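Inspection log for the structure reproduced underneath, given as C-alpha cells.
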Amino acid sequence: RLGVDKVDFFIGTFHCLCAKMLRKIGPAHGIKVNFSIIDDKDQIDIVMQIARKLEIDISKPEAFKIINRLNFYRDGMEEFDWVEDELGLSSHIEIATAYLKHCKRNSLFDFSALIYENIKMIESDEDLKRKIQNTFKYIMVDEVQDTNISQFYLVNLLGKKWKNIMVIGDLDQSIYRFRGARYQNIQDFINMYEDCRVISLSKNYRSTPQIVK
C-alpha cells in the first residue's frame, strides 16, 4: 500500500491517453465528443473512396503510400509541405488534402491525428496548457526507444513545468524504426534535461547466460 486513500493516475498507451484528452477538452476547441477512431484499414478504404469521387485511378499500394506519408508527417511533427514534396504527383496531393478534410468534416481521427491534434490544441491555448501541465506532475514512459517524434514531443510538453519525468528504454531493443520510432529520443532526453539522473541496469536477470552469449 502507498499509504494514501486515493491517487489520480492514468496508465495506458499514448493513443488511449490522447483519445481521453480529446474527448474531455476537445469540445471547447470544436471537436465533437463522439468522434470516431479509424485504423489503418479504414484509412486505406477512405483514400480509395475519395479517389473514386475525384475520378482518380489509384492502386492499393499508391493509397498505402499516401496514408504512410500523411501518418509520417504528423508523427514527425512536419508541415504539410513535407507531404507534398514526398508525394510529388498532384493527383496524390489532391487525395491527401481531401482525406484530411474528410476526417475533419466527419469527426474521424486516425492514430497519428490523435497525438498531433492534441499537441496543436494544447499549444494554441495558453490557459489550457497551464491546466494540463499542472495535471501531469509525474510522468513515466516505458519502452521509450519505441517512441516517435510526436510522442516524445508530447511527453515533454506535458511534463515541461514540473520536469518529474522518468523514461525507461534500451537502445538495443529498438525495432520499430519503420514505424517512425527513434531510439535517439533517449539521448535527446538526456541532453534536454542535463540534471537528470541516469540509472544503467547492466545486470540481465531475464535470460540465461547461453541466451545472452
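Here are some notes:
- Residues being of a type in the set (Asp, Glu), part of a helix (DSSP H, G or I) and either within 25 Å of VAL155 (Cβ to Cβ) or open to solvent by less than 70 Å² (accessible area, probe 1.4 Å) (or both) - total across the stretch 93-118: 1
Per-residue answers, yes or no, for (1) assigned to a helix (DSSP H, G or I); (2) over 19 Å from the mean Cα position of the chain (by Cα):
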| position | (1), (2) |
| --- | --- |
| ASP5 | no, yes |
| PHE10 | no, no |
| ARG23 | yes, no |
| ILE50 | yes, yes |
| SER91 | yes, yes |
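- Among the residues of the stretch 32-48, those identified as part of a loop (DSSP other than H, G, I, E, B) and open to solvent by 30 Å² or more (accessible area, probe 1.4 Å) are LYS32, VAL33, ASN34, ASP39.
- The residues in the stretch 175-211 that are in a helix (DSSP H, G or I) and of a type in the set (A, V, I, L, M) can be counted, and the count is 4.
- Among residues of the stretch 85-105 that are among the hydroxyl-bearing types (Ser, Thr, Tyr), those with a Cβ under 7 angstrom from a residue that is at pLDDT 95 or above and surrounded by 14 or more Cβ atoms within 10 Å (Cβ to Cβ), sequence gap 6+ or separate chain, pair up as SER91/ILE56; TYR99/ILE46; TYR99/VAL47; TYR99/ILE50; TYR99/LEU70.
- Check on ASP172, assigned to a helix (DSSP H, G or I), more than 26 Å from PHE136 (Cβ to Cβ) and either free of Cβ contacts under 8 Å to residues at least 40 places away in the same chain or not aliphatic (A, V, I, L, M) (or both): yes
- When ILE165 is tested against (1) in contact with a helix residue (DSSP H, G or I) (Cβ under 9 Å, 6 or more places away or on another chain); (2) open to solvent by 30 Å² or more (accessible area, probe 1.4 Å), only condition (2) is not met.
The values are calculated or read from the model by the stated rules, or taken from the named source; none is laboratory data. This one's a predicted model, so the numbers in the text were calculated from it and none came from an experiment. Positions of Cβ are generated from backbone atoms using ideal geometry, with glycine treated the same way; all protein chains shown enter the neighbour counts. Please note that ligands, DNA and RNA were not included when accessible areas were found on the heavy atoms of the full protein model with its side chains. Shrake-Rupley method; radii C 1.70, N 1.55, O 1.52, S 1.80 Å.
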